[in-house]
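What follows is calculated from the coordinates using simple rules that are stated; it is not laboratory data. All values derive from a computational prediction rather than experimental measurement. No Cβ is skipped: glycine too gets one built from the backbone with ideal geometry, and neighbour counts run over all protein chains shown.
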Amino acid sequence: MRHQWRLLLLRHHQLLRSQLHIHSHSSHFQVLSNPNLPSLHSLNSFFHCIAPQPISDSQFKNSINKIPSRLSSEPALEEKDSDHIVIADNFAKAMGVDDTRKELDLSDVVLSHELVLRVLSRLESSPDAAKRFFDWVLESDSERLSSKSYNLMLGILGNYGFVNEFWDLVEAMKKKGYGISKGVQNKVLEKFRKDGLGSDIEKLRAVYESGSVDNSMEKVCSRMCKIVRSGVWGDDVERQLREFGVTFSSDMVKMILQNVGVEPTRALIFFRWVEESGLFKHDEQTYNVMARVLGREDCIDRFWKVVAEVRSNGYEMEEETYVKVLGRFCKRKMTEDAVDLYEFAMAGARKPSVHCCTFLLRKVAVGKEFDMHLFSRVVRIFTQSGNVMTNSMLDAVLKSLTSVGRFRDCNKVLKAMEESGFGASGHLQSKIVFKLCSSGKNDEASELLETLEKCGSDLDHGTWASFIEGHCVAGNHDKASECFQKMVEKEGVSSAGNAFNILVNSYCQKNRAIEACTLLVGLVNVKQLMPWHNTYKELISKLLVQGGFKDALNLLGLMKNQGFPPYVDPFIEYVSKSGTGDDAIVFLKEMTSKRFPATSLFLRMFEALFKAGRYTEAQNFLSKCPGFIRNHADVLNLFCSVNSRKGVSTANLAA
């Protein structure tokens, strides 16, 4: 039976999907990189090697009625597209054809049907430039000109009064079987009326009514589509299509495929028939339209077969095809097919942008399960084409992992990228380790540290500080202290000030200032650590609040030895409110290398005690001061002033 292959195609639609689905994912990517490999061709053989089975018209109808008729939505990827602006600007300069061609070669612009439409639309207000561009495309790549392109140019000529050129283009369109669209007719008729071109008005109406209403390509295609969609495919359908007597053009075949595309199996039958019947030889445009129609979940095996034919016939996948199908795959969670498609596109002349790689990596990262094999494939495909992974790409992936609670997998991501030669910046390393440590993922943090060290990556001080700060935020101070000790062992103490300051502050915030003091004293005495001045000040203040007066005094001595100025304010405040005269004497002796500090400091201590209302302790402190302080005029005057206000005799103050 002459149509047996098409009937089998419909009858075994569900059978093929169930039998081939388990093989499709394992073989696609191999075929895509080399169309001559047998994996996709075996699919073709499978179609044609099915044993012939008779099928009735009623069975056929029941089968075809089960075919889904709804296309899934097609989200588009964001793509920066300025090629049409580059081309339009070049033709607007009114340069010679050779100069224009050189400019376009330098711009690396690839001409497509969609690009032609965008350029003409941009040049709509510049008829001379639009005509130069149209003539250039007509001469260099006329296949890119469709009925829509001709009508755009026709509207521009008619709207700007290029009457002779308008009628010349109408004649050229007739020869190609193109009709005048209703929108162009209305637009040009209005212009002809304004210009008083009565004869041209009648002529345009006649041409439109005789050729465009019933015999335009759009109308013919519409009637053909109705026949393809409504009847059971067979001799009668083929006869009706042949009776139109039209010469199939690329635009006509594209239009039919697009209109029948809501029923992809019927579109595929027509696609095969029109070429096998010798009526049309498929080109890059028609192959791409067919691929866009089949690029959906329920036609995936046929899609890959057509995609393989695109490459094997020497054609390329168009950007529109890639973007639409990839977006559809990603929305339907067909991640493996999306990666296969990316590999196919990257092996061609029109390679996807860097943005597309990032997009795919993020989609893999947020999938139902994180498939590291797919992730590594995308990285490998990208880098083997001469590209380099960047910190911004890694950062985008990490954000995606965070959004689905998978940040613990960042080690796997980093490893996969590093295997392709990528090295994360210090800033990004810091960001990763802080997030791991602060969220309590200590095993992952330790694994990351080991990985970075094995890769020979020199951790900068900021990364070490992030390890420590992350552990502190998580409340794991023992781990933070251990990490700091490891940092000191590997890097020394010369640049450890920031990390140690973070550690000390965190201890203090948890009321563990005495432990921090013990750690500091040990590191200063054994490792010759030089803490920041602010670290000393913060720790002293917290120690005094937490009852560590003696420890604070010890730090005062270390500060003095390391050349820092004494930090007296918190000591004066502490002694004046809760200390004793003995505490005051010990503090004043500790803060100076001399026997006693300046008299002014004694006066500040007395004033603080009086302000706190601790007159008895002030007397006690005075009794323990050396004689030159007890007899100092300023000290005596201070006590006299205070006691006068209290009505107390000062006779025996100096005794």
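In plain terms, the chain from Lys589 to Met372 could stretch by 71.5 nm, reckoned as 0.36 nm per residue minus the Cα-Cα distance. For the stretch 414-491 and the stretch 294-308, compute the distance between their C-alpha centroids and round to whole Å. Cα centres, the stretch 414-491 to the stretch 294-308: 45 Å. Roughly how far apart, in whole Å, are the Cα centres of the stretch 586-646 and the stretch 555-569? Spelled out, the Cα-based centre of one part sits 22 Å from the other. Ranked by the mean number of other Cβ atoms within 10 Å per residue, highest first, peptides 634-645, 531-542, 117-128, 346-357 order as 531-542, 117-128, 346-357, 634-645. Here the dipole of the stretch 477-597 is about 140 debye; that uses its Cα centre as origin and unit charges on the Cβ of Lys and Arg (positive) and Asp and Glu (negative). When the charge dipole of the stretch 581-641 is built from unit charges on Cβ atoms (+1 for Lys and Arg, -1 for Asp and Glu) and taken about the Cα centre, the candidate among Pro626, Ala612, Phe639 whose Cα reaches farthest toward its positive end is Pro626.
Loop-located trypsin sites (Lys or Arg not before Pro) across the stretch 363-467 with a Cβ neighbour count of 13 or fewer within 10 Å are Lys368, with loop assigned by DSSP. When the stretch 388-447 is described by a simple charge dipole with +1 on each Lys and Arg Cβ and -1 on each Asp and Glu Cβ, the residue from Cys437, Gly421, Thr402 located farthest towards its positive end is Thr402. In this Cβ point-charge picture (+1 for Lys and Arg, -1 for Asp and Glu), the stretch 380-446 has a dipole of about 160 debye about its Cα centre.
Dipole magnitude for the stretch 362-473: about 560 debye, using +1 per Lys or Arg Cβ and -1 per Asp or Glu Cβ, origin at the Cα centre.
Within the stretch 360-441, the GluC sites (Glu not before Pro) that combine a DSSP coil assignment with at most 15 other C-beta atoms in a 10 angstrom radius are Glu369, Glu419.
Sorted fewest first by neighbouring Cβ atoms within 10 angstrom, Thr265, Thr451 come out as Thr451, Thr265. What does the net charge come to around Tyr567 if you take all other residues with beta carbon closer than 15 Å to its beta carbon, with K and R at +1 and D and E at -1? Net charge in that neighbourhood comes out at -1. From the residues Gly522, Leu543, Asn505, which one has its Cα farthest along the dipole of the stretch 490-581 in the positive direction, the dipole being from +1 and -1 charges on Cβ of Lys/Arg and Asp/Glu about the Cα centre? Of the candidates, Gly522 comes out farthest on the positive side. For the listed peptides 146-155, 486-495, 517-526, a ranking on the average number of other beta carbons within 10 Å per residue, highest first, reads 146-155, 517-526, 486-495. Within the shell defined by Cβ-Cβ distances under 13 Å, the residues around Lys368 carry a net charge of +1, with Lys and Arg each +1 and Asp and Glu each -1. You can think of it this way: the chain between Leu636 and Ser420 has 69.7 nm of extra reach, that is 0.36 nm per residue less the Cα-Cα gap.
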